[in-house]
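The values are calculated or read from the model by the stated rules, or taken from the named source; none is laboratory data. Quick caveat: nothing in here was measured; it's all calculated off a predicted structure. So basically every Cβ, Gly included, is an ideal-geometry build from the backbone, and we count neighbours across all protein chains shown.
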Amino acid sequence: MRRRTILSAAAWPWLGALASPTSARAANVEPHFATPEEAAEALIGGPDRAYIDGLNLREMRARWPSMPQTQDPDAGRAALRAFYAARTRSFTDTERSALADIVAWCSERVAPRSTLFARTPWSFVKVDGSVEGGMPHTRGDSIVLPAPFLARMVEASARWANGSRATTRPGADVLLHEQTHVLQRQQPARFESLHVDVYGFRRMSPPPRSTWHDTHVVANPDAPELCWAWQRPEAAGGSWIVPSVVLPDGAAPTLDAMQPVALEVTQREGRWSFVDDATLARAPALGAVRDYGARFDWTDENFHPNELTADLVALWLLEGTPRNGASTLFGAACDWARTHLA
Ligand SMILES: [Zn+2]
């Protein structure tokens, strides 16, 4: 998921090793465009059906402000499934052509750096602007593109092709970010060492629960595991925090009102717990935890390790080496990508 969906042609932040470059490239550059029926299955059925099963009533309403009144979460989930299934759309020829061009542009740059990415098929789902707040995201093996966002991408890509001096083709960063989420879902174990050994997160097993969190959290289809704790530096008290996205009390029930926050957790004899609900309700904005933001300085899409990684990988694939002035952690994360995504 990307909260900021303004296309940027700024320098955003993969051959020699290819055993069969021709076949790898061919598999990569011919994207699949889902029919509305295939798209509906990707959104409401499929292997990650559990995503909608886990939504609470507040976040369902935030996703669909005119949702019929109900206090029954199961009834809400059934209604939301029907709503999403009815909002899938067919790609136009212009959209297919533009996406194929962006994918081909990405594939040329990706192939020398990552055989894994070069061999991962591209699949697209189109929905109208009312699904998931109009944000691009992924479900199953597909990248979900809301129509208004897709229209901006197609227009920007056409402008670029007509003579832009920008080095990065508009849309490439977003597609590589989202394709990283597809890989994360296909091969979650591959990314574990990045989260733990490079970023310094600790996996909480089992993850803690709290009534406040269960009723205020906003699920991210691209970051389903709410199990990652990070310890603040000793100089800042050394407390453990869990980055999470919530709808604060009193906030308008729309996805625009969601806030990344730092939720405090404690560990006793290996068992993790949230602090009390009253404290959680006053949790600081994640952006106010300066040591966290300074550590993961290559993006402000920092509310989950999956998001940190999606931006990291897009940057690495497009630029190859860390930019001048990049942080030590960014360099270490690029080194990890070079080894683990080759
Ligand atoms: Zn994302």
Of those in the range 47-104 that are polar (S, T, N, Q) and not in a loop (DSSP other than H, G, I, E, B), the residue farthest from Ala252 (Cα to Cα) is Ser97
Phe303 vs (1) outside any helix (DSSP H, G or I); (2) closer than 24 Å to Val182 by Cβ; (3) out of contact with any strand residue (DSSP E or B) (no Cβ under 9 Å at 6 or more places or on another chain): all pass except (3)
Among Val218, Val198, the single one that is within 21 Å of the chain's Cα centre (by Cα), away from the ligand (no atom under 16 Å from the Cβ) and either surrounded by 15 or more Cβ atoms within 10 Å (Cβ to Cβ) or of a type outside the set (S, T, N, Q) (or both) is Val198
Selection from the range 106-123 of residues in a helix (DSSP H, G or I) and small (Gly, Ala, Ser) yields Ser107, Ala118
Checked Val110, Val125 against criteria (buried (at least 22 other Cβ atoms within 10 Å of the Cβ), within 16 Å of the ligand (Cβ to nearest atom) and of a type in the set (Val, Ile, Thr)); the one match is Val125
If you check Ser157 against the conditions, is it more than 17 Å from the chain's Cα centre (by Cα), away from the ligand (no atom under 16 Å from the Cβ), part of a helix (DSSP H, G or I) and of a type in the set (S, T, N, Q)? yes
Qualifying residue in the range 252-264 (condition: within 16 Å of the ligand (Cβ to nearest atom), within 21 Å of the chain's Cα centre (by Cα) and more than 27 Å from Arg190 (Cβ to Cβ)):
yes
The one condition Arg323 fails out of (1) assigned by TED's automatic domain parsing to the domain that holds Asp214; (2) farther than 18 Å from Asp197 by Cα; (3) out of contact with any helix residue (DSSP H, G or I) (no Cβ under 7 Å at 6 or more places or on another chain) is (1)
